[in-house]
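Colleague: Quick one: this structure, given as structure tokens, is what I'll be asking you about.
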Amino acid sequence: MLVKREDVRALIDVIHHSGKTVVCTNGCFDILHAGHVRYLEKTKSFADYSIVLLNSDKSVKSIKGPSRPINNENDRAEILSALRYVDYVVLFDEDSPKNLLDEIKPDVYTKGADYNMETLPEADIMKKNGTRVEFIEFVEGKSTTNIIEKMQKR
């Protein structure tokens, strides 16, 4: 379910008030593939509710370049929301979800294992808010970039 950014803090308060936990992750999730699904499944395993902080079209263009995203933010949010491992989706325009994570203060935050606490851009926010960080291994050979490159070769 897509949640407006201005409504997410109230949602978190309701979840925490009911004694439940929240895990967040973030990304572009442009062309969904098996690696994404396995990553989101593992993310969901860390808490009662999972929230995907989804880079908006503006944010994806800023990070990935003018040819991205392939799928627009509304389509990406709808597809993510349809997955059983994703409870909520929140769009954000910045290059980094740091401000949103500071607002949400999730119990757990997941990131790909290509990061560690020394290289994680959000590490200061996680430490400040006492958020546990879990690093998830990627599925070998599964990436949006690989899919796009394969399509361009045809």
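Taken together, the values in this text are just the output of simple stated rules run on the coordinates, not laboratory data. What you are looking at is a predicted structure, and each value in this text was computed from that prediction instead of being measured. Virtual Cβ from ideal backbone geometry, glycine too; neighbours counted across all protein chains shown.
Colleague: Mind telling me which of the residues ILE79, ILE51, ILE70, ILE63 ends up being among the β-branched types (Val, Ile, Thr) and farther than 13 Å from CYS28 by Cβ?
Modeller: On the way: ILE79 fails: farther than 13 Å from CYS28 by Cβ; ILE70 fails: farther than 13 Å from CYS28 by Cβ; ILE63 fails: farther than 13 Å from CYS28 by Cβ.
Residue meeting the stated conditions: ILE51.
Colleague: For ASN26, which of the numbered conditions (1) touching a residue at least 40 places away in the same chain (Cβ under 8 Å); (2) of a type in the set (S, T, N, Q); (3) assigned to a helix (DSSP H, G or I) fails to hold?
Modeller: Evaluating ASN26 over (1) touching a residue at least 40 places away in the same chain (Cβ under 8 Å); (2) of a type in the set (S, T, N, Q); (3) assigned to a helix (DSSP H, G or I) leaves (3) as the failure.
Colleague: More than 14 Å from the chain's Cα centre (by Cα) and within 12 Å of CYS24 (Cα to Cα): does that describe THR131? I'd like the intermediate steps shown before the answer.
Modeller: On the way: more than 14 Å from the chain's Cα centre (by Cα): yes; within 12 Å of CYS24 (Cα to Cα): yes.
Yes; evaluated as a whole, the condition is true for this residue.
Colleague: Here is a further query. Can you confirm whether ALA10 is within 21 Å of ILE125 (Cα to Cα) and part of a loop (DSSP other than H, G, I, E, B)?
Modeller: In short, no.
Colleague: Residues that are surrounded by 21 or more Cβ atoms within 10 Å (Cβ to Cβ) and of a type in the set (Phe, Trp, Tyr): which helices (runs of 4 or more DSSP H) entirely in the stretch 45-108 hold 2 or more of them?
Modeller: By residue number, no helices (runs of 4 or more DSSP H) qualify.
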